[in-house]
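Student: I am attaching a structure below and will ask some questions about it afterwards.
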Amino acid sequence: MASVNRLMRAIRVFEFGKPEVLKLCPDVPVPSPGETQVLIRVHACGINPVETYIRAGAYARIPSLPYTPGSDVSGVIEQVGKNVTSFKNGDRVFTTGTITGGYAEYALASEDTVYHLPDQLSFKQGAAISVPYFTAYRALFQKAHGKPGEVVLVHGASGGVGIAACQIARAYGFQVFGTAGTPEGLDLVLKNGAHKAFNHREKDYIDKIQEASGGRGIDVILEMLSNVNLSNDLKLLAAGGRVIIVGCRGPIEINPRDTMAKESSIIGVSLFSATKEEKAESSAALFAGMEAGWLRPLTGPEYPLEKAAQAHVDIIQTGGATGKMVFVI
Ligand code: NAP
């Protein structure tokens with residue numbers, strides 16, 4: 001139910017299509033929370049590649065039109081529904097989902113998708129937790145069943161999910177290799193948990209990774225661009241190795257024989273498929289990381305809502321990721 005008087009600025013999508021369909025509307029009614037919902041004054045919202053696929057109408061789950069994109073909000077509780085017990089006005093929070101969309105000045109969220117934001121993390125960092133860290137944790141533990149001591153390659157380590165994966169894997173005792181496409185990205189990967197970093201734009205970088213593993217190969221590959229790398233990944237794996245498909249933007253030809261002698265596996269991951277129990281496990285682990293201090297979201301380029309279309313161009317087209325892209329609202 002919308003309150004009568006208050007209006008907010010929000011991005012609205014009235015038709016699926018190119019980035020220009022992201023329209024900044026100045027007069028969207030501020031929603032009111034239902035019984036188990038909270039209203040959040042949004043300070044920052046994470047920008048995820050999946051929001052571009054949804055905006056284009058090219059995704060398995062698309063919302064009905066019009067809608068406001070964005071799930072990874074951080075901000076301050078403005079109002080709580082009458083049955084909400086875990087939050088009060090003024091609490092700093094972040095979300096793993098919203099009801100009304102995060103590219104906006106206010107967002108409604110169900111109480112069970114809202115978490116307290118620790119004091120030591122900024123709002124921008126709060127907006128960089130949800131999709132990146134929950135995906136990275138799910139990929140490494142719930143899908144790869146990774147074990148401390150194993151070698152993990154974060155193939156595409158300089159972006160949102162990659163930095164999260166490096167921090168998590170390092171904290172849990174893996175030997176961590178990461179890749180990036182620029183010197184700046186490589187530096188960030190090393191500063192965020194990777195023992196070794198490799199440039200995925202260099203011709204012979206796959207050989208260097210194989211060498212760095214002592215010729216034994218990689219136990220777990222978290223793959224951000226499988227349509228480019230899957231065939232090489234299969235060759236890089238150690239016996240019993242697993243490639244986890246996190247990102248994919250098209251088809252690729254592989255030789256299934258490459259999986260046989262090593263009895264290796266290719267496993268897809270979908271954050272949306274996580275069960276309630278799996279989400280509870282992930283959040284417990286991630287909050288432990290926030291308490292211990294190793295979970296430190298790294299934010300990259302910042303955008304105002306006015307630049308939403310540009311942000312959607314940049315997240316897909318430009319290389320040289322340097323952490324998580326966020327709206328500052
Ligand atoms: P991001 O912040 O845009 O980062 C993209 C990463 O890919 C950067 O580290 C980039 O490195 C790297 N990259 C570019 N070219 C590469 C190459 N040839 N080989 C390996 N890596 C390369 O994106 P993100 O948020 O981390 O998401 C990464 C992918 O995972 C996206 O496709 C996204 O849709 C997907 N995703 C899937 C799930 C799921 O549930 N399955 C959840 C979240 C995200 P440089 O820029 O340094 O070159």
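Student: Leaving out ligands and nucleic acids, and using a 1.4 Å probe, what accessible area per residue does segment 221-329 come to in Å²?
Tutor: Numbers: 5340 Å² over 109 residues.
Here the residues of segment 221-329 average 49 Å² of exposed surface.
Student: Over segment 21-113, give the accessible area per residue in Å² for a 1.4 Å probe, as an integer.
Tutor: Accessible area per residue, segment 21-113: 39 Å².
Student: Tell me which chymotrypsin sites (Phe, Trp or Tyr not before Pro) from segment 35-94 have a DSSP coil assignment and no more than 15 other beta carbons within 10 Å of their own. Please list the in-between numbers first.
Tutor: Details: sites: Tyr53, Tyr59, Tyr67, Phe87, Phe94; in loops: Tyr59, Phe87.
Hits after loop and neighbour filter: Tyr59.
Student: In debye, nearest 20: dipole of the chain around its Cα centre with unit charges on the Cβ of K, R (+) and D, E (-)? Walk me through the numbers on the way to the answer.
Tutor: Working: 32 positive and 32 negative charges, 10 e Å.
So the dipole magnitude of the chain works out to roughly 40 debye.
Student: Right, next: Near the amide H of Ala321, under 5 Å away, which other amide H atoms are found, from residues 5 or more places off or on another chain, if H is placed in the peptide plane?
Tutor: When sequence neighbours closer than 5 places are left aside, the close amide H contacts are Gly181.
Student: What net charge do the residues around Ser122 carry, taking every other residue with its C-beta under 11 Å from that of Ser122, with Lys and Arg at +1 and Asp and Glu at -1? It would help to have the intermediate numbers written out before the result.
Tutor: Numbers: positive: Arg92, Lys124, Arg296; negative: Asp119.
Charge balance near Ser122 sits at +2.
Student: When Lys and Arg each count +1 and Asp and Glu each count -1, what net charge do the other residues less than 14 Å away from Pro63, Cβ to Cβ, add up to?
Tutor: Its environment carries a net charge of +1.
Student: Can you list residues from other chains, or at least 5 along the same chain, whose modelled amide H is less than 5 Å from the amide H of Arg242?
Tutor: Here Val220, Ile221, Ser265 satisfy the definition.
Student: Please give me the summed charge of the neighbours of Ile252: other residues whose Cβ is under 15 Å from its Cβ, Lys and Arg +1, Asp and Glu -1.
Tutor: Values: positive: Lys235, Arg249; negative: Glu223, Asp233, Glu253, Asp258.
Neighbourhood net charge equals -2.
Student: Rounded to whole Hz and in sequence order, give me ³J(HN,Hα) for segment 76-87 from the Karplus expression 6.51 cos²θ - 1.76 cosθ + 1.60, θ = phi - 60°, writing x for Gly and Pro.
Tutor: Karplus-based 3J(HN,Hα) across segment 76-87 equals 10, 5, 9, 7, 10, x, 5, 9, 7, 10, 8, 9 Hz.
Student: Run the accessible area of the chain with a 1.4 Å probe and give the carbon-and-sulfur part as a rounded percent.
Tutor: Carbon and sulfur: 53 percent of the exposed surface of the chain.
Student: Give a residue-ordered list of calculated ³J(HN,Hα) values for segment 303-311 (Karplus: 6.51 cos²θ - 1.76 cosθ + 1.60, θ = phi - 60°; whole Hz; x for Gly, Pro).
Tutor: So the Karplus estimates, Gly and Pro as x, are 9, x, 4, 4, 9, 4, 4, 4, 4 Hz.
Student: For segment 32-110 and segment 259-301, what is the separation of their Cα centres, given in Å?
Tutor: 21 Å
Student: Sequence-distant or interchain residues sharing an amide H contact under 5 Å with Met8, placed H: which?
Tutor: Amide H to amide H, under 5 Å and 5 or more residues apart or across chains, Met8 pairs with Val28, Val30.
Student: For the chain, what does the relative contact order come out to in percent, with C-alpha contacts under 8 Å and a separation of six or more?
Tutor: Averaging sequence separation for qualifying contacts and normalising by length gives 18 percent for the chain.
Student: Specify the longest stretch of the chain that does not include any exposed loop site, a site being one of the GluC sites (Glu not before Pro) with a non-H, G, I, E, B DSSP assignment and at most 12 other Cβ atoms within 10 Å.
Tutor: 36-201
Student: Please give the charge dipole size of segment 136-282, origin at the Cα centre, charges +1 on K and R Cβ atoms and -1 on D and E Cβ atoms. Round to the nearest 20 debye.
Tutor: Numbers: 17 positive and 16 negative charges, 33 e Å.
Dipole size: approximately 160 debye.
Student: Once a ≥ b ≥ c are taken as the square roots of the eigenvalues of the Cα gyration tensor of segment 140-267, is the result rounded (a/c under 1.5), prolate (a/b larger than b/c) or oblate (a/b not larger than b/c)?
Tutor: Since a/c stays below 1.5, the shape of segment 140-267 is classed as rounded.
Student: Starting at the first residue of segment 140-146, write each ³J(HN,Hα) from the Karplus equation 6.51 cos²θ - 1.76 cosθ + 1.60 with θ = phi - 60°, in whole Hz, x for Gly and Pro.
Tutor: For segment 140-146, the Karplus curve yields 6, 9, 7, 9, 7, 6, x Hz.
The values are calculated or read from the model by the stated rules, or taken from the named source; none is laboratory data. None of these values were measured; they are calculated from a predicted model. Cβ: placed from backbone, ideal geometry, glycine included. Neighbour counts: every protein chain shown. With ligands, DNA and RNA removed, areas are computed over all heavy atoms of the protein, side chains included. Shrake-Rupley method; radii C 1.70, N 1.55, O 1.52, S 1.80 Å.
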